[in-house]
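Here's the structure, in structure tokens; my notes come after.
The values are calculated or read from the model by the stated rules, or taken from the named source; none is laboratory data. Note that the structure is a prediction, hence the values are computed from the model and not measured. Positions of Cβ are backbone-derived with ideal geometry, glycine not excepted, and every protein chain shown enters the neighbour counts. Please note that ligands, DNA and RNA were not included when accessible areas were found on the heavy atoms of the full protein model with its side chains. Shrake-Rupley method; radii C 1.70, N 1.55, O 1.52, S 1.80 Å.
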Amino acid sequence: MALLKLAVRNLLRNRRRTVITLVALVAGVGAMVAIKGFILGQRRQILENQMRGTLGALQVHKKGYVENVLGSPLTLDFADTPELRAKVAAVKGVKAVSPRIEFGAQVSTPDKKPAPEDGSDLPEADRGATSFLMMTAFDPALEQVVTPQRWEWVQWGRGQMLESGTAEQVLLNDDFAKGVEVPLWKAGTALPPLEQRLAILAPDRDSSLNGVNVVMVGTLASATPNDRRVGVMSLGAAQTLLRMEGRVTEYGLDLVEGAPLEATRDAVAAALGPDFEVHTWEQRIPFVKDIVETQDFVFGIVSSIFLFVVLLGVVNAMLMSVLERVREIGTMLAVGMRRRQIVSLFIGEGIVLGLIGGSIGALLGFAWVSYMNAHGISIPAPGAKVPSLLRPSVDLLFVGRAILQATAGAALASLWPAWRASRLRPVEALAHT
Amino acid sequence: MKTTLLLSLVSSFAFAAEPTAADIVAKYDSIMGPGTYEAQTEMTATREDGTSRTYGMKFLKRDTDKFRVWFSEPASVKGQEILRLGDNAWVYLPNLKRATRIANRDSFQGGDFNNADVLRVNYATDYDAVIAPSASPDQLTVELKAKSTETSYDKIRLVVRKSDLQPLKGEYFGTSGQMIRSATFSEHKEFDKGFVRPARIVMQNEVVKARKSEMVTKSFKLNVEAPPQRFMQADLGK
């Protein structure tokens, strides 16, 4: 205890040097906490774009659907009855249910000019294009509660959302629509003639080809990675196209504020029985795992470099302090202080530096993260073009760990200077000038 | 005169003994995709859940690359038509009431044949062929390598009967080198005077093993009348 007091007083002797070392520690630890907060906020942003924009909190499928999602899942559908919807909606914590169909389709854009009379084909530049897309069909009135983010993507895109659950309308990704020059139809104006509409072709539930003429009423700005080849369509029009009247492939669910995700999933699964499977939105997004791993790796490297540079500063300051105090150390050894105690004294000085600098830094970083969490930073999520609010956040456990790391690091950094001090020979040290 | 006769004898003998890869491919094209013809066929597609569906259709072909297809069965596809001119294809769906462009690599009515397998058989133009070792002395094997990336397959291994070069087996590979389809040709019979071809082709999906499609030819008439207006976009649905 006496040694610790001595350590503090020693630090106060050369205040300018102590302050400079502390500033380095504060900046290093503060930046570490802030960067961590930013990364976690960004991760949340990606996930929320997925949940609030494509999936909904929970999804209900026919048993085996998710496993076979790359096969031909239209046969793994179920009848969308008012009773079934009511059964799901009655589960505690469920706020809204939206029936959907996910299906692969080919979109064929109209030729830009009528076909020549002589039967020859149009020049390449005037021909329509065909592309494969993943379509999601829903009723906009029901879907808006479950994935409100889609409506925001339309705001950042062009046009408007589907007019109803039965209209022969689609929305496509904005970049994709520009790329293949899909004409945008303004709702309320006269429909274009048949040959100037888009055709959506898809194998129906029995794999027989079918098609529907549609107009593109709007576009969705890119908001999540890999969303260039996706589109949305009215549920009723899709059911006719796929010959699936009254049937859907999934229910998207929104939960009431604060309802526990996993517990509600299990309750919905229990209510529906073994013919169905229920997944949380987090279970359905495998690519987020890759992003998390990359981010953690990069953050690990960056924070190690930060800490290393800051601790080099601590080594330097402690070494200076030892060299300045050679005669004093000689005196202490001469009056009977143990070499072990000399080591402890200098390590104690390091610990005090690390604890104070680390704490101030961590708290400043935490304060910045908390402030930004409340206000939000408006920038696009990775892979997106739509700005959305990024809310940095860190938990107190990470803040505590940062302080501990700084303190332990500073103690380690003073080990070598402390050892050098303890190795001095009293006679030579006393004679040192 | 004598020399010419001798030479032609020698060459026909040589042909009978060892046809070149180009001969085999030319013969395949002439059997599977002869100049102008009309055919009635039935395709049965079996899917991974064990269900199957049979489609009835009529083909009309003119020159090397003009095709029409009319579907008659089942009810859900009745009235559908396909037109193919060279690299471009259109489908006419009764409920669309118009012709729409379709991609070449599309599967043919949800089966395991794709549009190019059924509508465009012109291996001599699309692939480079070399002779490959055969498993049996009565057979000949050629390996075809795609000339461009536009073809449906990257590589095809074709096995034909040595006696008359009728196709027996086909193996179709994707760009990754994986076998994606394999075909068995059987029931070779004479459909038109002197024109023999397999009446049954089974296309096995090698990626999803439970899937296969069977194409049975009911009738096949060569040199039928195929007026040019049948091969215009405007004729679809008429």
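Listed values, structure above:
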{"read-out": "Any hit, region A:244-264, residues being under 33 Å from the mean Cα position of the chain (by Cα), more than 18 Å from A:Thr147 (Cβ to Cβ) and in a helix (DSSP H, G or I)", "value": "yes"}
{"read-out": "Near pairs, Cβ below 7 angstrom, 6+ apart or cross-chain, from region B:26-45 (within 14 Å of another protein chain (Cβ to nearest Cβ)) to any residue that is in a helix (DSSP H, G or I) and not polar (S, T, N, Q)", "value": "B:Ala45/B:Gly110"}
{"read-out": "Cβ-Cβ under 9 Å pairs, at least 6 apart or on other chains, region A:310-322 side within 12 Å of A:Ala421 (Cβ to Cβ), far side among the acidic types (Asp, Glu)", "value": "A:Met318/A:Glu349; A:Ser321/A:Glu349"}
{"read-out": "Residue check for A:Ala86: under 22 Å from A:Ser234 (Cα atoms), open to solvent by 10 Å² or more (accessible area, probe 1.4 Å) and either in contact with a strand residue (DSSP E or B) (Cβ under 8 Å, 6 or more places away or on another chain) or at pLDDT 90 or above (or both)", "value": "yes"}
{"read-out": "Condition check for A:Gln45: open to solvent by less than 20 Å² (accessible area, probe 1.4 Å) and in a strand (DSSP E or B)", "value": "no"}
{"read-out": "Unmet requirement for A:Ala238, which otherwise passes all of (1) open to solvent by less than 30 Å² (accessible area, probe 1.4 Å); (2) over 27 Å from A:Gly159 (Cα atoms); (3) not in a loop (DSSP other than H, G, I, E, B)", "value": "(2)"}
{"read-out": "Complete set of residues in region B:53-106 that are of a type in the set (Ser, Thr, Tyr) and either part of a strand (DSSP E or B) or more than 8 Å from every other protein chain (Cβ to nearest Cβ) (or both)", "value": "B:Thr54, B:Tyr55, B:Thr64, B:Ser72, B:Tyr92, B:Thr100"}
{"read-out": "Odd one out for B:Ile201 among (1) open to solvent by 20 Å² or more (accessible area, probe 1.4 Å); (2) in a strand (DSSP E or B); (3) out of contact with any Leu (no Cβ under 6 Å at 6 or more places or on another chain); (4) of a type in the set (A, V, I, L, M, F, W, C)", "value": "(1)"}
{"read-out": "Region A:330-380: number of residues that are surrounded by 18 or more Cβ atoms within 10 Å (Cβ to Cβ) and free of Cβ contacts under 8 Å to residues at least 40 places away in the same chain", "value": "1"}
{"read-out": "Any chance B:Phe59 is at pLDDT below 80 and either surrounded by 18 or more Cβ atoms within 10 Å (Cβ to Cβ) or more than 21 Å from the chain's Cα centre (by Cα) (or both)", "value": "no"}
{"read-out": "Residue satisfying all of: in region A:117-138; buried (at least 19 other Cβ atoms within 10 Å of the Cβ) and more than 8 Å from every other protein chain (Cβ to nearest Cβ); farthest from A:Leu255 (Cα to Cα) among these", "value": "A:Leu133"}
{"read-out": "Residue pairs meeting the criteria (Cβ under 9 Å; at least 6 apart or on separate chains; first within 8 Å of chain B (Cβ to nearest Cβ) and outside any loop (DSSP other than H, G, I, E, B), in region A:103-116; second open to solvent by 40 Å² or more (accessible area, probe 1.4 Å) and among the hydrophobic types (A, V, I, L, M, F, W, C))", "value": "A:Gln106/A:Phe132"}
{"read-out": "Top-ranked residue of region B:207-230 - restricted to ones that are open to solvent by 40 Å² or more (accessible area, probe 1.4 Å) and more than 14 Å from chain A (Cβ to nearest Cβ), ranked as nearest to the chain's Cα centre (by Cα)", "value": "B:Glu214"}
{"read-out": "Qualifying residues in region A:204-221 (those that are touching a helix residue (DSSP H, G or I) at 6+ places or on another chain (Cβ under 6 Å) and touching a residue at least 60 places away in the same chain (Cβ under 8 Å)) - the one nearest to the other protein chains (Cβ to nearest Cβ)", "value": "A:Ser207"}
